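Let me begin by presenting the structure, written as structure tokens, before commenting on it.
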Amino acid sequence: DSEGDVGMRVSLAFSPEGHPAISYYDSTNKDLKYALFDGQQWKKQTIDSEGDVGRYASLAFSLSGQPAISYRDSTNKDLKYALFDGWKWTKQTIDSAADVGKHPSLAFSPSGYPGISYRGYSNNKLRYASFDGRNWTKQNINSSVLKSSLAFSPSGHPAISYYNFKSKDLKFTHRVIVKK
């Protein structure tokens, strides 16, 4: 894509077919865009253009091969999530508490549910949102975070690495399930 000032804040993932896909911010139009190479050519589309959206985006493919993007809605200061269902992109606001959604990291659990780590900008807290098939649950994890990266263990537990800007340290946190 070379139409205007595009390509800032990119996220790369490969489709199950092995094709590269990129989510990115269109600075000229302040839109979230998506490009997929189908083996012959790049196909581009605008995913969200309602306000200033997509400045921070994270792309991942679901277990069924659907592209999904977590991103910041800078106009409303929210965390949003878009999923392609095979026909169209559906978008939803995941977190709208204060000023949230910077530097999201999207991953899918082994059971196929999305999780997102991200920064609560107004309080600098590391936040985690997870979907259980019906609802999104959000929680604060730690403070003084700048950027994070989310992954799931093979057993399905979320783990997050992040940069603590106060201590200037790399940190790691994970969910521990205690068996009774």
If the requirement is being closer than 27 Å to Ser143 by Cβ and aliphatic (A, V, I, L, M), which of these qualifies: Leu63, Leu106? Leu106
Given the condition at pLDDT 95 or above, more than 25 Å from Phe152 (Cα to Cα) and open to solvent by 20 Å² or more (accessible area, probe 1.4 Å), answer yes or no: does some residue in the range 67-74 qualify? yes
When restricted to Ser111, Ser96, the only residue surrounded by fewer than 20 Cβ atoms within 10 Å (Cβ to Cβ) and under 25 Å from Ala21 (Cβ atoms) is Ser111
Being open to solvent by 30 Å² or more (accessible area, probe 1.4 Å), farther than 26 Å from Lys30 by Cβ and touching a residue at least 12 places away in the same chain (Cβ under 8 Å) is true for just one of Phe131, Phe84. Which residue is that? Phe131
Given the options Leu59, Leu106, Leu63, name the one that is farther than 29 Å from Asn29 by Cβ and of a type in the set (A, V, I, L, M). Leu63
Only one of Gly101, Gly39, Gly4 that is in contact with a Lys or Arg (Cβ under 9 Å, 6 or more places away or on another chain) and at positive phi: Gly101
Might you check whether a residue that is assigned to a loop (DSSP other than H, G, I, E, B), loosely packed, with under 15 Cβ neighbours inside 10 Å, at pLDDT 95 or above and out of contact with any Gly (no Cβ under 6 Å at 6 or more places or on another chain) occurs anywhere in the range 20-28? no
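Residue-wise test of (1) touching a residue at least 12 places away in the same chain (Cβ under 8 Å); (2) small (Gly, Ala, Ser); (3) within 22 Å of Lys147 (Cβ to Cβ).
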{"site": "Arg9", "(1), (2), (3)": "yes, no, yes"}
{"site": "Leu12", "(1), (2), (3)": "yes, no, yes"}
{"site": "Phe37", "(1), (2), (3)": "yes, no, no"}
{"site": "Asp48", "(1), (2), (3)": "yes, no, yes"}
{"site": "Asp52", "(1), (2), (3)": "yes, no, yes"}
{"site": "Ala60", "(1), (2), (3)": "yes, yes, yes"}
{"site": "Ser64", "(1), (2), (3)": "yes, yes, no"}
{"site": "Ala68", "(1), (2), (3)": "yes, yes, yes"}
{"site": "Ser96", "(1), (2), (3)": "yes, yes, yes"}
Filter the range 160-178 down to residues that are surrounded by 16 or more Cβ atoms within 10 Å (Cβ to Cβ) and not charged (D, E, K, R), then give me how many there are. 6
Of the residues that sit in the range 31-66 and are closer than 15 Å to Lys80 by Cα and among the basic types (Lys, Arg), which one is surrounded by the most Cβ atoms within 10 Å (Cβ to Cβ)? Lys33
Residues (assigned to a loop (DSSP other than H, G, I, E, B) and in contact with a Phe, Trp or Tyr (Cβ under 9 Å, 6 or more places away or on another chain)) located in the range 52-62: Ser62
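The values are calculated or read from the model by the stated rules, or taken from the named source; none is laboratory data. Owing to the predicted nature of the structure, the values given are computational and were not obtained by experimental measurement. Neighbour counts run over all protein chains shown; Cβ positions are idealised from the backbone, glycine included. Just the protein is used for accessible areas: all its heavy atoms, side chains included, with ligands, DNA and RNA removed. Shrake-Rupley method; radii C 1.70, N 1.55, O 1.52, S 1.80 Å.
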